[in-house]
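Just below is one structure, and these are the notes that go with it.
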Amino acid sequence: MKEPVEFLSYLKTSTLIIAADGGVHNCKTLGLQPQVIIGDLDSMSSTEVTDYQQAGVKVIQYPTHKDETDLELALRYVMEQEFSDVIIIGGLGARWDMTIDNILLIAHPMFSGLKIHMLDGTQELLMFRAAERSPINGRPGDTISLIPLTGDVSGITTEGLEYPLKDETLYFGTSRGVSNVLLQEQAQVFFRQGLLLCIINRDVV
């Protein structure tokens, strides 16, 4: 697993690092020590669990037969601790079912109070909600895609993108919002109705 240096620097100074079960292996790869491990722990050996507990890590174990994924449990825990900014690493994996569910999970209304960044290599996923002025931060030349998630998204106005929208609609299931280009370090998106998935593909030099 490889993440951009600027995000790793931020993560290493984060207030709280939570490993959702097998996320402990991602933490180890990235040189991060979690403060909390949560999930059914089916991706960890009993020895690993004991080692983390002895190191002072809080381990919250759930039954294997449960209704929530480990990521959902982690996000619920974040809300209980009253955090608002969240970075998710490893949420886009080899399994399509888990990947799609993780993306839809951050769109759920129960997590609307969280500012979530989902990172995978040079890609960043953000969830934009209606009636909010949403910033897109990056470098000029980064590829930006705006994808409607819950039906048509209307009243969209953008600033700082090569192909601007002015009080327009992106229709669900169409590709008009894919592969726009960032013209400056920060763009802005505003819309009146719907839910937009923003995907930033960073132009890493």
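Each reported figure results from applying straightforward, stated rules to the coordinates on display, with no laboratory input. Nothing here was measured: the structure is a model prediction, and the numbers come from that model. Note that we place each Cβ from the backbone using ideal geometry, even for glycine, and neighbour counts take in every protein chain shown.
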Over the chain, how many pairs of lysines fall under 22 Å by alpha carbon, counting only those 8 or more apart in sequence or from different chains? 7
Can you bin the stretch 1-121 into rounded, prolate or oblate? Criterion: square roots of the alpha carbon gyration tensor eigenvalues sorted a ≥ b ≥ c, rounded for a/c under 1.5, prolate for a/b above b/c, oblate for the rest. rounded
Bridge type composition, the chain - antiparallel percent by DSSP, nearest 5: 70
Between helix 96-105 and the chain: long-axis angle, C-alpha atoms, 0 to 90°, nearest 10: 70
Sparse-neighbourhood loop hits (trypsin sites (Lys or Arg not before Pro), the stretch 132-202; DSSP loop; Cβ within 10 Å at most 15 others) -> Arg133, Lys166, Arg176, Arg192
Find, among the chymotrypsin sites (Phe, Trp or Tyr not before Pro) in the stretch 159-194, those assigned to loop by DSSP (not H, G, I, E, B) with at most 16 other beta-carbon atoms within 10 angstrom. Tyr171, Phe172
Compute the length gained on full extension between Asn201 and Leu16: take 0.36 nm times their separation in residues and subtract their Cα-Cα distance, giving the result in nm to one decimal. 64.0 nm
In 10 Å bins starting at zero, report the fraction of Cα pairs in the chain per bin as a rounded %. 8, 33, 34, 18, 7, 1
Would you compute, from DSSP H runs of 4+ residues alone, the mean residue ellipticity of the chain at 222 nm, taking -39500 (n - 2.57) per run and dividing by the full residue count, rounded to the nearest 500? -6000 deg cm²/dmol
Net length gained if the chain between Thr174 and Thr47 were fully extended (0.36 nm per residue, minus Cα distance): 40.8 nm
Once you put a point 7 Å from the Cα of Asp97 and another 7 Å from the Cα of Asp85, both along the Cβ direction, what distance in nm separates them? 3.6
